[in-house]
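Asks: This is the structure I want to talk about, given as structure tokens.
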Amino acid sequence: MLKSFTNLVVCEHCDATYTRVALAPGEVARCGQCDAVLYRASLLDVDRWLALTVAAAVAFVIANVSPVVKISLQGLHSQATLWQSAAALAHGPAAPIAVPTALAIIVVPFMQVSLLLWVLGHARRGGRRAPGFRLAMRMLAGLRPWSMVEVALLGILVSVIKLSSMVEVAPGAGIWATAALMILITIVASRDIHWLWEFTDRGRPRGEGRS
């Protein structure tokens, strides 16, 4: 079994190793060698972080079940949800980017929100560590660069502007939910998750080994 040292932090730029110390709200820990940011103090406690994650989950559901835009032309009406917009790419010249698009704007945000609900929900109960905690934490760190809800929202807005000169375009509830999701996913998924290791250590039974 490999031993993990959750009290240490390694600079990702120069590999210098430091002992993690508690920071006051607003403080930032920097590397003494290259001045890179090591970690920041979290402004959210577990309860607030979990509440925002639940809100992100609600926004995600609305964005995928409610129309993003509604198009009208000569009495004909059409509408599409975020998921339908990604699926539509598979039936045209843009088919090769259909899967990456679905991953970046639907699958990855879904996994981020689900994993955060899982680890934060357990952490809230007396600092307990969720089953599969280590794997969930690694996945959260790995998924962070692949969430691109803001790119999807920008693409939707550009499309609405271009189509508005030819057809009637009305924003649906989905576009507002996507905007809310973009803000919330940035807040909840960009937090420094490393402090959860120390926080959940408090709720572990004494004598429990580390892997």
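The values are calculated or read from the model by the stated rules, or taken from the named source; none is laboratory data. Note that this is a predicted model, so its numbers are computed, not measured. Methodologically, a virtual Cβ is constructed for each residue, glycine included, from the backbone with ideal geometry; neighbour enumeration extends over all protein chains shown. Each accessible area value is taken on the protein alone, full model and side chains, heavy atoms only, with ligands, DNA and RNA left out. Shrake-Rupley method; radii C 1.70, N 1.55, O 1.52, S 1.80 Å.
Asks: Suppose the chain between THR17 and MET166 were pulled fully straight at 0.36 nm per residue; how much longer would it get relative to their current alpha carbon spacing? Please report the intermediate quantities before stating the final value.
Replies: Numbers: separation 149, 0.36 × 149 = 53.64 nm, distance 5.87 nm.
Taking 0.36 nm per residue and subtracting the Cα distance, the gain is 47.8 nm.
Asks: Further question on the same structure: Computed FRET efficiency, Cβ-Cβ of ARG124 and GLU27, R0 25 Å: what is it to the nearest 0.05? Mind dumping the intermediate values first?
Replies: Numbers: r = 24 Å, r/R0 = 0.97.
Once the sixth-power term is evaluated, E becomes 0.55.
Asks: Now, a different point. Can you give the accessible area of HIS13 in Å² (nearest 10), computed on protein heavy atoms with a 1.4 Å probe?
Replies: Surface accessible to solvent at HIS13 totals approximately 130 Å².
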